[in-house]
Amino acid sequence: MDRVRVVHTPLEIYSQLAHERSAGRTVGLVPTMGALHAGHLSLVKQAKKDCELAVATIFVNPTQFGPNEDFSKYPRTLERDLEQLDNAGCDYVFVPSSEQIYAPGHSTFIEPPSVASRWEGEIRPGHFRGVATVVLKLFMMVPAQVAFFGRKDYQQVAVIRAMVEDLNLPIRIEVCDTIRESDGLAMSSRNRYLSSTERARALGLWRALQGAQELVQQGERDVGKIELAMQQVLLAAPVDSIDYARVVDAQTMEPLQQIEEVAVAIIAARFGSTRLIDNLTLYRP
């Protein structure tokens, strides 16, 4: 690597970027947990397009994992990640240690906004508390004007947007389209956990979302019928379990009975031991 600059301490990344900003350069931030794929790299490329400097962070955040989740086995591929970021034109990569983010005795956390209360918030208690806290800390350490997130984590983006608005944070949130494999599977760091059979079954997520969109395009407005159709596609895949397959308000994430103008279909399901999420915005014709 001869281009990207790797920084390990909060003081150094802050001072470097403060200097860049004082020279008039705009900074775009891409927070990640590593194990990068083309979806992450598309965010870096968008940051480079919209800003003069692209900064990625790599930190597997322990506070957003539950006690029975996959923190210990979450893929850590730092050398490969840095190579990919260098090739994507990233300017800085911030790779802090856990102790630099959560010093001994750390006890301050962000209470997430109301949009966090359902779905992932119910199934993964404490998840969005950890997400909101680490993202705020990264915003404070990495003084960017714009932060880039992928649409695949739809509720997470809604949480971060609400936090930024509620706390008057001086950063703009840009949301970029989900990057998919050629067969429609949304790119995810967890896809590598899937066996070949499980991966084939996981295509049921995209088929269910596409089916929901087709029903809306055909004039269906009854959310209950659309949700039932999604569940049937998932069960036929088959999935091993469904956490939710719902159509919700695109802003509040609250359940709907009828689609008025725009809504979002959200799915969380398991294939073997791997839990995947996906979503698709539904527009009335």
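Please identify the pairs in which a residue from the range 3-22 that is free of Cβ contacts under 8 Å to residues at least 60 places away in the same chain has its Cβ atom under 9 Å from the Cβ atom of a residue that is part of a helix (DSSP H, G or I), counting only partners at least 6 apart or on another chain.
Partner pairs satisfying both residue conditions: Leu11/Met141.
Take the residues in the range 1-36 that are of a type in the set (Lys, Arg) and closer than 12 Å to Cys90 by Cβ, then tell me which one is modelled with the lowest pLDDT. Spell out the reasoning first.
To start, the set of residues in the range 1-36 that are of a type in the set (Lys, Arg) comprises 3, 5, 21, 25.
Going one step further and asking which of them are closer than 12 Å to Cys90 by Cβ, we end up with 3, 5.
Numbers: Arg3: 86, Arg5: 97.
Going through the qualifying residues, I end up with Arg3.
Where the second residue is in a loop (DSSP other than H, G, I, E, B) and the first is among the small types (Gly, Ala, Ser) and lies in the range 253-266, which pairs have Cβ atoms under 9 Å and are six or more apart or on separate chains?
These pairs meet every condition: Ala263/Ala250; Ala263/Leu256; Ala263/Arg284.
State the number of residues belonging to the range 162-219 that are loosely packed, with under 15 Cβ neighbours inside 10 Å, in the same structural domain as Val131 (by TED's automatic domain parsing) and among the aliphatic types (A, V, I, L, M).
Within the range 162-219, residues that are loosely packed, with under 15 Cβ neighbours inside 10 Å, in the same structural domain as Val131 (by TED's automatic domain parsing) and among the aliphatic types (A, V, I, L, M) number 1.
Give me a count of the residues in the range 228-241 that are out of contact with any Lys or Arg (no Cβ under 7 Å at 6 or more places or on another chain) and buried (at least 19 other Cβ atoms within 10 Å of the Cβ). Full working, then the answer.
Keep residues of the range 228-241 that are out of contact with any Lys or Arg (no Cβ under 7 Å at 6 or more places or on another chain), which gives 228-232, 234-236.
Next, from what is left, pick out any that are buried (at least 19 other Cβ atoms within 10 Å of the Cβ): 230, 234.
Residues that pass the stated criteria total 2.
In the range 70-81, is there at least one residue being among the aromatic types (Phe, Trp, Tyr), modelled with pLDDT under 95, surrounded by fewer than 18 Cβ atoms within 10 Å (Cβ to Cβ) and assigned by TED's automatic domain parsing to the domain that holds Val135? Reasoning before the result, please.
Filtering the range 70-81 down to residues among the aromatic types (Phe, Trp, Tyr) leaves 71, 74.
Those left that are additionally modelled with pLDDT under 95: 71, 74.
Those left that are additionally surrounded by fewer than 18 Cβ atoms within 10 Å (Cβ to Cβ): 71, 74.
Checking which are assigned by TED's automatic domain parsing to the domain that holds Val135 leaves us with 71, 74.
Yes, the range 70-81 has at least one match.
I'm trying to understand the selection: among the residues of the range 1-47, which are closer than 13 Å to Leu82 by Cα and in contact with a Pro (Cβ under 6 Å, 6 or more places away or on another chain)?
Scanning the range 1-47 gives a single hit, Ala35.
The values are calculated or read from the model by the stated rules, or taken from the named source; none is laboratory data. Computed from a predicted structure; not experimentally measured. Every residue, glycine among them, receives a Cβ derived from its backbone with ideal geometry; neighbour counts consider all protein chains shown.
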